[in-house]
Amino acid sequence: MSLDFSTGDPRFAVDRPALIARLSVVLPADALLTVEEDLRPYECDGLTAYRCLPSLVALPENEAQVRAILRICHELRVPVVPRGTATGLSGGATPHPDAVVVSMARLKKILRVDPFSRTAVVQPGVRNLAVSEAAAPYGLYYAPDPSSQIACTIGGNVAENSGGVHCLKYGLTVHNVLRVRGLTIDGESVEFGSAALDAAGYDLLALINGSEGLLTLLTEVTVRLTPKPPLAQVVIASFADVRRAGEAVARIIAAGIIPAGLEMMDKKAIHAVEPYVKAGYNLDAEAILLCESDGTPEEVAEEIVRVVEVLDNSGASEIRVSQSEVERLRFWAGRKAAFPAVGRVTPDYLCMDGTIPRKRLADMLEAIEALSRKYALRCANVFHAGDGNLHPLIMYDANQAGELERAVAFGAEILELSVRFGGTITGEHGVGLEKIDLMAEQFASGEIAAFHRLKAAFDEDGLLNPGKGVPTLARCREYTLARAGTAPVTFVAPKS
Amino acid sequence: METHLADFIKDTAEGREADAILRACVHCGFCNATCPTFQLLGDELDGPRGRIYLIKQLLEGRPVSEKTQCHLDRCLSCRSCETTCPSGVNYYRLLVIGRGLVEQRVPRSLAARATRLLLTEAVPRRWIFAPSVRVGRLLRACLPAKLAEKVPDIVTAKPWPRPAAHRRRMIVLAGCVQSTLTPNTNAAAARVLDRLGIALFEAPGAGCCGAMRHHLHAKAPALDDIRRVIDAWWPHLENGVEGVVMTASGCGAHVRDYGVLLRHDPAYAEKAARIAAMTRDVSEVLASEQEALSRLLRESGTDRAGRRVAFHSPCTLQHWQQIRGVVEGLLAAAGYRIVPIADAHLCCGSAGSYSISQPLLARQLRDNKLAAMTASAPDVLVTANVGCQTHLQSGGTTPVRHWIELIDERLNGVC
Ligand SMILES: Cc1cc2nc3c(=O)[nH]c(=O)nc-3n(C[C@H](O)[C@H](O)[C@H](O)COP(=O)(O)OP(=O)(O)OC[C@H]3O[C@@H](n4cnc5c(N)ncnc54)[C@H](O)[C@@H]3O)c2cc1C
Ligand code: SF4
Ligand code: SF4
């Protein structure tokens, strides 16, 4: 199935040969892909259900080339889709048929690691984990750690305001980025934030975090580095039923404990990862909780005692504490590989990303179980439980007619429920293409209109990453009518 | 991943296998992060996820050109991506299927065909390769630098142990290039095993294991190589020889695949499978003799101890055979200090004939690997495969050796 969202978008009348001729002047031959054979592998990101052949792909290797591409595209009114390493799960980097996909993967220099100010200045294509590796000799690391950290880029992280298992204590990307440099669609340099803790005027830096490639193309990011704690240990608790596990999460936080990470996996997720990672998870458990403690040995020892006590009182059937760094990493490895490992038990999955108040975890799990029966699709659950961020993985088979549509509808119900429970439709993966219709579930049309004005302040012609993040008002109206039962629901769904 | 295989392949065994592999890929991109060519080139098409996509297009009947061929050619077959993939995608099998189809559809230039012919015919034959290297060495001073660095140094082996009446005997593969380029490797292995009460010997007539031709898609000659090796070894294996020891991880990975490669040959399938099962890397053999080895190490002095060693684990050891930490453990037990090297999972660029077919990338990977290995100024550089050893050697002045030579020196002294 592929995506057709170009219809009804007459803003872009691209003269492709002219565009190629212009871009060829500013890019080396191996940095411009023009034929279908080369373009296809760029048709999707980590959300493979949504695919679209781009007009062109450009692979710049420095800021000057990025600027030149933007100027040409701006002048010729050609849309631009920024791309990191396309691990995104909401279709943020999915191409647009008229667009030039600008891959930032070649801009991957670590420009500076400063152990004194505890900062690093990196190009946007640097992988998240590479920052921590470069900081390791100084006893520092970059705290936000999406499970995809081995592969995703800092540029993508900023664009999605990504989170990770350690964000409960150390914050999301937005809390760990000090300054960004970027280019607007007309090729002008912009800079937000500063090396200092606060800057004068509006905090536009926070706006850029999570802007999904709609406002600027990021070309340089200054991140905060965090000292590695002297010790970290993780507790694994097994539960014979999910409700108890959900309640244990609420109790840990209620006890005033802020763990370095608090994650939950249900039985289906455990069974998918254990054969690959051999992390030692309890295969009989209905759910497991991973709760990390870090700090000085005394702090860790004290916190672990408290955590174990709460878990014990919450009815955990088995509790283990990592006894070495190797063991701790192995316990986490299973969680970090969880999404793709689910690929071992199903050909395809949709990874959802809603948030809910922690106290509703158990209700949500039960609701998902019921939906799973309703749609006759399996669903494995992996949660950043500590911050109430859910990642239900809805399993389907794209080669079976109708399964994707069922999976999409299943996912939409989960997100609608998230909003009803007092949560949001995205915790960290962004809106992208996937959740654009659901924005109307979360925001009133006045708010959406404000988003559009903001976008226009940066990009009047709507050339940067069109069709993502914020729905048109017309689309919102359609969606609202459909939910009220007066019109059929049409998600941007992948069509046959 | 959604797939729609084309009619020409859909209902064949190969098609079904390829489809299952494609469907296991969830397009997460983790593998790109540990792919040497993606790290160098930063183009989706030069990473495993993109190559999988290129092969998918091919299998779905879309037209392919030399573009796809080029990106598949650049793949080192290092299988680092498979070690990384949480979804269990058998990338290399898919690559073999994809390359086979591309080979049928996209003709190669005359020059490319000539190089391949030379590699498939000359290198695996010791009687051509050894004299060529000797001539090359004589002429090295007159060759352009780029060519000269490809001609290896003259290395002499220390003597093999005197034949002993050990009850335990094992075969070691002489190999096609190893006996010429690094003859001390098998000699050192033989001396070490001799101390452990195991007699090691090379069976005459075995020749090349077939890996070279296999990787150049010379399917039939590659299978003939294997049959010849089996014929040379079989009588010994019937005659009480305990197993086959591999001192080159590249050959080891291939021999361990014999059972699969000859599964459709009724005359050889069983023998091939048995040989594959009896084959172990020399590190595994030593690790299983740990007790005796520790005793020997205690008895011998500690003169070499404390030397700092950088070990490059070949892809055929860490990714193909999934043997990790064993060599490092043995060296540490022998008193050497292993220095950590950055990006230890990355290929050094040797990759069979890669240094000849993709000289630019091979050189970059080699220089990166050498920089990583020498970053903390170790005393010795070692690896576990003749190809990596000579390739790395061609890029620097510090000798690169086989790790077994270090164990040999600890047990038997430097002669
Ligand atoms: C297995 C798996 C696990 C994951 N786990 C997590 C997790 O734990 N937490 C989490 O938050 N996310 C997670 N993700 C989602 C994803 O990895 C993140 O969203 C990540 O930040 C995307 O980075 P990327 O480099 O792949 O960006 P891409 O996917 O290429 O792009 C993402 C968005 O950023 C924009 N963009 C990229 N680079 C730039 C730039 N330089 N300038 C402007 N815009 C840009 C793109 O237009 C797009 O909108 C996971 C994904 C996978 C596949
Ligand atoms: S890591 Fe595995 S599943 Fe993920 S893209 Fe690579 S091959 Fe596919
Ligand atoms: S085998 Fe090696 S070079 Fe080839 S795609 Fe996999 S990681 Fe990259």
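The values are calculated or read from the model by the stated rules, or taken from the named source; none is laboratory data. Here the structure is a predicted model, which means the values were calculated and not measured. Glycine gets a Cβ as well: all are built from the backbone with ideal geometry, and neighbour counts include every protein chain shown. Heavy atoms of the whole protein, side chains included, go into the accessibility calculation; ligands, DNA and RNA do not. Shrake-Rupley method; radii C 1.70, N 1.55, O 1.52, S 1.80 Å.
Here are the numbers for this structure:
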{"read-out": "Per-residue average of Cβ from other chains inside 10 Å of B:78-88", "value": "4"}
{"read-out": "Average Cα contact separation per residue, chain B, under 8 Å, 6 or more apart, as relative contact order %", "value": "14"}
{"read-out": "At R0 = 22 Å, FRET efficiency that the Cβ-Cβ distance of A:S317 and A:K278 yields, to 0.05", "value": "0.60"}
{"read-out": "Chain B: radius of gyration and largest Cα-Cα distance (Dmax), Å", "value": "21.5, 68"}
{"read-out": "Spin-label zone in segment A:109-139 - amide nitrogen under 13 Å from a point set 7 Å from the Cα of A:A195 along the C-beta vector", "value": "A:112-122"}
{"read-out": "Cross-link table B:K10/B:K56; A:K336/B:K369; A:K169/A:K228, entries beyond 19 Å C-alpha to C-alpha", "value": "A:K336/B:K369"}
{"read-out": "Overall form of segment B:7-105 per C-alpha gyration tensor (a/c, 1.5; a/b vs b/c)", "value": "oblate"}
{"read-out": "Accessible carbon and sulfur surface of chain A relative to its total accessible area, %, 1.4 Å", "value": "54"}
{"read-out": "Segment B:178-273, relative contact order [Cα under 8 Å, separation at least 6], %", "value": "22"}
{"read-out": "Convex hull of segment B:359-415 built on C-alpha atoms - directionally averaged projected area, nm²", "value": "4.3"}
{"read-out": "Average other protein chain Cβ within 10 Å of Cβ, residues A:140-149", "value": "1"}
{"read-out": "Accessible area per residue in Å² at 1.4 Å probe, computed on segment B:168-285", "value": "34"}
{"read-out": "Zone residues, segment A:62-84, relative to A:D15, backbone N less than 13 Å from point 7 Å out along Cα-to-Cβ", "value": "A:75-78"}
{"read-out": "Average other protein chain Cβ within 10 Å of Cβ, residues B:45-53", "value": "4"}
{"read-out": "Label-to-label distance, nm, for residues given as B:T12 and A:I257 (7 Å Cα→Cβ offset)", "value": "5.9"}
{"read-out": "Among A:147-157, A:414-424, A:17-27, the order from most to least packed when residues are scored by Cβ within 10 Å on average", "value": "A:147-157, A:414-424, A:17-27"}
{"read-out": "Ordering of A:311-317, A:342-348 by burial proxy (mean other Cβ atoms within 10 Å per residue, highest first)", "value": "A:342-348, A:311-317"}
{"read-out": "Listed peptides B:356-367, B:280-291 by packing density, highest first (mean Cβ within 10 Å)", "value": "B:280-291, B:356-367"}
{"read-out": "Within chain B, helix-based [θ] at 222 nm, where runs of 4 or more DSSP H residues each add -39,500 (n - 2.57), nearest 500", "value": "-14500 deg cm²/dmol"}
{"read-out": "Hz values of 3J(HN,Hα) by residue in segment A:314-328 - Karplus curve (6.51, -1.76, 1.60), Gly and Pro given as x", "value": "8, x, 5, 8, 7, 10, 10, 10, 4, 9, 8, 5, 4, 5, 4"}
{"read-out": "Where chain A is the region considered: accessible area per residue in Å², 1.4 Å probe", "value": "37"}
{"read-out": "Dimensionless Rg over Rh [segment B:283-390; C-alpha; Kirkwood]", "value": "1.02"}
{"read-out": "Förster radius 35 Å - calculated FRET efficiency between A:Y138 and A:L207, Cβ distance, rounded to 0.05", "value": "0.70"}
{"read-out": "Per-pair calculated FRET efficiency, R0 = 41 Å: A:E416 and A:E75 via Cβ, rounded to 0.05", "value": "0.45"}
{"read-out": "Rounded if a/c under 1.5, otherwise prolate or oblate - chain A, Cα gyration tensor axes", "value": "oblate"}
{"read-out": "The protein assembly as shown - charge dipole about Cα centre, Lys and Arg +1 at Cβ, Asp and Glu -1, debye rounded to 20", "value": "2840"}
{"read-out": "Hits among lysines - C-alpha to C-alpha of A:K468 under 21 Å, sequence gap 8 or more where chains match", "value": "A:K435, A:K455, A:K495"}
{"read-out": "Per residue, in Å², the accessible surface of segment B:7-105 once ligands and nucleic acids are set aside, probe 1.4 Å", "value": "30"}
{"read-out": "Cut-off 13 Å, label 7 Å out along Cα→Cβ of B:W234, residues of segment B:254-284 by amide N", "value": "B:265-275"}
{"read-out": "B:R337 paired with A:A376, simple spin-label distance in nm, labels 7 Å along Cα-to-beta-carbon", "value": "6.6"}
{"read-out": "Rounded if a/c under 1.5, otherwise prolate or oblate - the protein assembly as shown, Cα gyration tensor axes", "value": "prolate"}
{"read-out": "Approximate spin-label separation B:L360-B:R324, in nm, with each point projected 7 Å along Cα-to-Cβ", "value": "3.2"}
{"read-out": "Whole-number percent relative contact order across chain A, with pairs defined as alpha carbons under 8 Å at least 6 apart", "value": "15"}
